[in-house]
1. Excluding ligands, DNA and RNA, what is the solvent-accessible area per residue of segment 1-114 at a probe of 1.4 Å, expressed in Å²?
2. Straight-line reach from K43: which aspartates and glutamates fall under 14 Å, measuring Cα to Cα and dropping same-chain residues less than 8 apart?
3. If amide H atoms are built 1.01 Å from N in the plane of the peptide, which residues on other chains or at least 5 residues away come under 5 Å of the amide H of G108?
4. In debye, nearest 20, what is the charge dipole magnitude of the chain about its Cα centre with +1 on Lys and Arg Cβ and -1 on Asp and Glu Cβ, if you could check?
5. Percent of accessible area on segment 43-115 owned by carbon and sulfur, 1.4 Å probe?
6. Once the other residues with Cβ under 13 Å from the Cβ of G16 are scored (Lys, Arg +1; Asp, Glu -1), what is the net sum?
7. Please list 56-62, 72-78, 99-105 highest first by mean number of surrounding beta-carbon atoms within 10 Å per residue.
8. Normalised by the number of residues in segment 1-93, what is the relative contact order in percent for Cα pairs under 8 Å and 6+ residues apart?
Amino acid sequence: QVQLVESGGGLVQAGGSLRLSCAASRSIFSFNSMAWYRQAPGKQREMVASVTRGGYTNYADSVKGRFTISRDNAKNTLYLQMNSLKPEDTAVYYCNAYIYTDDYWGQGTQVTVSL
């Protein structure tokens, strides 16, 4: 079992930046992978970025070059640095941890990008 708590969301103007954090209740070192997902109103949840235990990263095409995912094993924290934000990035962002065969989710943090 693990609890994930996201923070760092908020309201930002287009072109601005935000950094999301996801604090885990225990060591993330052994997690198979961690990821950020998002869900906009009326849309399905989609993967934004992921990072494996070995450090391999993967991004949705819509955020490549603008978002950066990273994990700090010493702090048990996952980050998502979001730059050049666009109104279409508005969504609830969720932290995900894949451990062995189980998925764990945080409660989500709202990101709103205004024109």
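1. That works out to 52 Å² per residue.
2. Correct list for K43: E88, D89.
3. E6, C95
4. Using Cβ point charges on Lys, Arg, Asp and Glu, the chain gives about 180 debye.
5. Reported share for carbon and sulfur atoms: 47 percent.
6. Net charge around G16: +2.
7. 72-78, 56-62, 99-105
8. 33 percent
The values are calculated or read from the model by the stated rules, or taken from the named source; none is laboratory data. If you're wondering where the values come from, they're calculated on a predicted model, not measured in any experiment. When we count neighbours, we look across all protein chains shown, and the Cβ atoms used for this are built from the backbone with ideal geometry, even at glycine. The accessibility values were calculated without ligands, DNA or RNA, using every heavy atom of the protein model including side chains. Shrake-Rupley method; radii C 1.70, N 1.55, O 1.52, S 1.80 Å.
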